[in-house]
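Here's the structure, in structure tokens; my notes come after.
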Amino acid sequence: MSKLILGIESSCDETAAAVLSVENGQFDLRSSIVSSQIKLHARYGGVVPEIASRAHLNNCIPVIDEALRKADVKSSEIDAIAVTMGPGLIGALLVGLQVGKSLSYVWNCDLVGINHLDGHLKAVFLEDDEPPQFPFIALLVSGGHTSLYRVDSFSEIKLLGATRDDAAGEAFDKGAKMLGLPYPGGIQIDNLAQKGDKKAFSFPRAMLHKGLDFSFSGLKTSCRNALQKLNHQPKDQELFDFCASYQEAIVDVLWKKTARALKQEKCQQLVVAGGVAANSRLRGAFQKWAEKINVKVHLPSRQFCTDNAAMIAVAGYFQLELGQKSNLELNAKSRMPIV
Ligand code: KG4
Ligand code: ZN
């Protein structure tokens, strides 16, 4: 049986649309368009919710049009619309959700509301030739979340641990801001760290020997203290070393907690998802360290780690397979757990 699903994503600062064709369970991503608002928010050093909502209003229809055109698909051929309903910025979510609801009404097709976190988790199924086998451990690392889950099936997801304060992406972004790097800082630190020595500076690894929760707020403070001690903004090799050491503190904690979860739950399969999973050091180190303990790591390609609508479309497919459709009363939620 074949299905054409339009995915729509507008939970933060990316307006995205994608067309996914599914034939006998095989995915063919026909288009994936992401319109980033980075330039609009960069001067404020972070996402400004009202600016994000207004930009989604301007971008949503053109981005959907482009996704349909690139996929060479007519609106009448779309079988279902999968749209992010939360968590995220409420004004931003409402724009994509309202567009998704209106189009499903006008086009007379199915509608399915998607949890953004669930979308991140399902991104790995888009391309993986050997998809993860249940049960697996999932590490979800984004700008707003850092959580470990045990996934026994798509409807049985158990939270094992989460950050008690900042998310890993926030730690990257705030550290970068202190270093005077442009927003969003994760990719900047990633690039600069490649030329640096990860042992040059010493940063703390919080809560390392206790449970599966994370804490990154102390790292931020130690970044500020290290900069005060230097008494100047690092540049060139010193900046590369600073970035490499700071990044290593984040990746190291993420791995050690993940390794503990794998051991505790006796799982040999790991999915890493969310924007921070695009980090080069994390990708390389996780593959290497996992191999040593005979664990298979599944990572979406970098374009599907950060926010996109292809992951929303694929999550929509799995939800429709479970018979879970939404109706026009579907509403946005700024906070919602993964299941
Ligand atoms: O998943 P995502 O696009 O949006 C949220 O759902 O939050 O994640 C965004 C986060 C930001 O904090 C960004 O700095 C971080 O992911 N990020 C990275 C990299 N690319 C994006 N962090 C480290 N290294 C990267 N290459
Ligand atoms: Zn996200």
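Numbers for the structure displayed
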| read-out | value |
| --- | --- |
| Scan of segment 1-37 for residues that are more than 16 Å from ligand 2 (Cβ to nearest atom) and of a type in the set (D, E, K, R), ordered by number | 3, 23, 28, 30 |
| Residues being surrounded by fewer than 16 Cβ atoms within 10 Å (Cβ to Cβ) and either outside the structural domain of residue 254 (by TED's automatic domain parsing) or within 13 Å of residue 176 (Cα to Cα) (or both) - total across segment 222-236 | 3 |
| Which listed residue, of 32, 11, 75, is touching a residue at least 24 places away in the same chain (Cβ under 8 Å) and either away from ligand 1 (no atom under 15 Å from the Cβ) or not assigned by TED's automatic domain parsing to the domain that holds residue 317 (or both) | 75 |
| Breaking point among (1) at pLDDT 95 or above; (2) over 17 Å from residue 277 (Cβ atoms); (3) not charged (D, E, K, R), for residue 123 | (2) |
| Residue that is nearest to ligand 1 (Cβ to nearest atom), among those in segment 258-282 that are part of a helix (DSSP H, G or I) and within 18 Å of residue 118 (Cα to Cα) | 275 |
| First in segment 283-294 and without any contact (Cβ under 8 Å) to a residue 40 or more places away in the chain, second anywhere and assigned to a loop (DSSP other than H, G, I, E, B), Cβ under 7 Å, 6 or more apart | 283/299; 294/268 |
| Matching residues, segment 157-169, being free of Cβ contacts under 8 Å to residues at least 60 places away in the same chain and more than 16 Å from ligand 1 (Cβ to nearest atom) | 158, 164 |
| Some residue of segment 68-81 being hydrophobic (A, V, I, L, M, F, W, C) and within 29 Å of residue 186 (Cα to Cα) | no |
| Residue 301, sole failed condition from (1) of a type in the set (Gly, Ala, Ser); (2) surrounded by fewer than 22 Cβ atoms within 10 Å (Cβ to Cβ); (3) more than 16 Å from ligand 2 (Cβ to nearest atom) | (3) |
| Enumeration of residues in segment 36-52 that are touching a Leu at 6+ places or on another chain (Cβ under 8 Å) and buried (at least 18 other Cβ atoms within 10 Å of the Cβ) | 47, 52 |
| Top-ranked residue of segment 146-156 - restricted to ones that are farther than 21 Å from residue 223 by Cβ and either touching a strand residue (DSSP E or B) at 6+ places or on another chain (Cβ under 8 Å) or among the hydroxyl-bearing types (Ser, Thr, Tyr) (or both), ranked as nearest to ligand 1 (Cβ to nearest atom) | 147 |
| The lone exception for residue 215 - which of (1) more than 30 Å from residue 323 (Cβ to Cβ); (2) more than 13 Å from ligand 1 (Cβ to nearest atom); (3) more than 21 Å from the chain's Cα centre (by Cα) it fails | (3) |
| Verdict on residue 285 being modelled with pLDDT of 95 or more, more than 11 Å from ligand 1 (Cβ to nearest atom), part of a helix (DSSP H, G or I) and assigned by TED's automatic domain parsing to the domain that holds residue 111 | no |
| Filter pass, residue 297 being among the hydrophobic types (A, V, I, L, M, F, W, C), within 28 Å of residue 53 (Cβ to Cβ) and outside any loop (DSSP other than H, G, I, E, B) | no |
| Residue 218 being buried (at least 22 other Cβ atoms within 10 Å of the Cβ), of a type outside the set (Phe, Trp, Tyr), at pLDDT 95 or above and under 21 Å from residue 173 (Cβ atoms) | no |
| Positions within segment 179-190 being surrounded by 16 or more Cβ atoms within 10 Å (Cβ to Cβ) and more than 10 Å from ligand 1 (Cβ to nearest atom), in sequence order | 179, 181 |
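For (1) within 16 Å of ligand 1 (Cβ to nearest atom); (2) within 16 Å of residue 64 (Cβ to Cβ); (3) surrounded by 22 or more Cβ atoms within 10 Å (Cβ to Cβ); (4) in the same structural domain as residue 283 (by TED's automatic domain parsing), each residue gets a yes or a no:
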| position | (1), (2), (3), (4) |
| --- | --- |
| 98 | no, yes, no, no |
| 102 | no, yes, no, no |
| 107 | no, yes, no, no |
| 114 | yes, yes, yes, no |
| 128 | no, no, no, no |
| 137 | no, no, yes, yes |
| 142 | yes, no, yes, yes |
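The values are calculated or read from the model by the stated rules, or taken from the named source; none is laboratory data. Just so we're clear, the structure is a prediction, and the values are computed from it rather than from any experiment. Please note: Cβ atoms are built from the backbone with ideal geometry, for glycine as well, and neighbour counts cover all protein chains shown.
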